[in-house]
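The next block holds one structure in the form of structure tokens; read it before the comments.
The values are calculated or read from the model by the stated rules, or taken from the named source; none is laboratory data. The structure displayed is predicted, hence computed values, not measured ones. Note that we place each Cβ from the backbone using ideal geometry, even for glycine, and neighbour counts take in every protein chain shown.
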Amino acid sequence: MSRIVLLVPAAVTMILIGCAASDDPVKVRNIEVVHVVHSEIWSKGNVDLIDNLFAENFVGHFPAGTVHGREGVLARVIAHRTAFPDWTEEVEDTIADRDRVVVRFTSRGTNLGAFLGNPPTRNRVEISEVSIFKLSDGKIVEQWVFPDMRSMQQQLGQKEQQTGRRTKVIAPTREELRVAYDETIRSYNGGDFDDYFTAMHDNVTYYLPSYSEPLVGKSAVRDMYSSFLSQVESAHWESTAPKFVVAGPVGMVFSPYRHTFKSKGEPQVASEGRHTVVFAAADGMWIKVGESLCATPLLDREGK
């Protein structure tokens, strides 16, 4: 596989909030909410639970487009379970910090209805997916979904939608992901993002917690980084513990970290926490990237 560098704009997206302890009741409740969404709403079609689990102002970032509100969730679940009446979602891994929950899950179903404009194939599918959830007061306010759509299309026997040359998806190994993440940190600390843009797909979709809509296209991400660099005087990021990596067509890296940052004309700030990145690769480059960050401010020596 070609060399890939994944850059995470930590300072741009940082939200300074306290990270939950392992026995934090808020974190436990958030995990329960997310698990019920998978086991009851998507797996069994119990749509009556939507009002209890999703906020009125919910925003969902799905491959087929953005949905808004509880009505958007209801329409998406009904449409999907019409296409796959026996659809189930089995959660394999869960990571939670304060208002974020990240899950890796396996989805299965039989295509008995129209799906994405295509007639039913009666084929059985099984794909890997990753979702990032943001919750407030026990309800989901935002979600980012990363399914392995290429695998689904292959199993359904559908042709991929193509523009120009064919897109070839490459699933990096766990070790390649660890190396890529370490190279990312070196790029961030050095303020040199050239390798990152070289490794980014022209049609990348970039999801950030601080943006209501994803950045689409390499040029949009480049503009964001240019704005970031114009404000930075110094920054340093380091991983403080071994990283947890899930490899596959849709992959995930989870890393505890410590971070110091100084904007021009502002005092230096420091924080530590946990950082989760999910992504998909195509043509040896990143085609989709999404991140979640939980940070706790660190006091200076005078306790300020």
key: Residue list for segment 68-105, filter: of a type in the set (Asp, Glu) and assigned to a strand (DSSP E or B)   = Glu89, Glu90, Glu92, Asp93, Asp97
ask   = What pairs come up if the first residue lies in segment 66-90 and is farther than 28 Å from Tyr211 by Cα, the second is of a type in the set (Val, Ile, Thr) and loosely packed, with under 15 Cβ neighbours inside 10 Å, and their beta carbons are under 8 Å apart, counting only those six or more places apart or on different chains?
value = Glu90/Thr106
query = Of all residues in segment 113-132 being in a strand (DSSP E or B) and modelled with pLDDT under 90, which is nearest to the chain's Cα centre (by Cα)?
reply = Phe115
note = When (1) at pLDDT below 75; (2) surrounded by fewer than 15 Cβ atoms within 10 Å (Cβ to Cβ) are applied to Ala199, the one that fails is (2)
note = Trp237 fails exactly one of (1) of a type outside the set (Gly, Ala, Ser); (2) surrounded by 16 or more Cβ atoms within 10 Å (Cβ to Cβ); (3) not in a strand (DSSP E or B), namely (3)
message = Regarding segment 124-141, can at least one residue be identified that is more than 21 Å from Glu71 (Cα to Cα), surrounded by fewer than 16 Cβ atoms within 10 Å (Cβ to Cβ) and β-branched (Val, Ile, Thr)?
response = no
inquiry  = What's the total number of residues in segment 262-294 that are more than 30 Å from Asp148 (Cβ to Cβ) and at pLDDT below 80?
reply    = 0
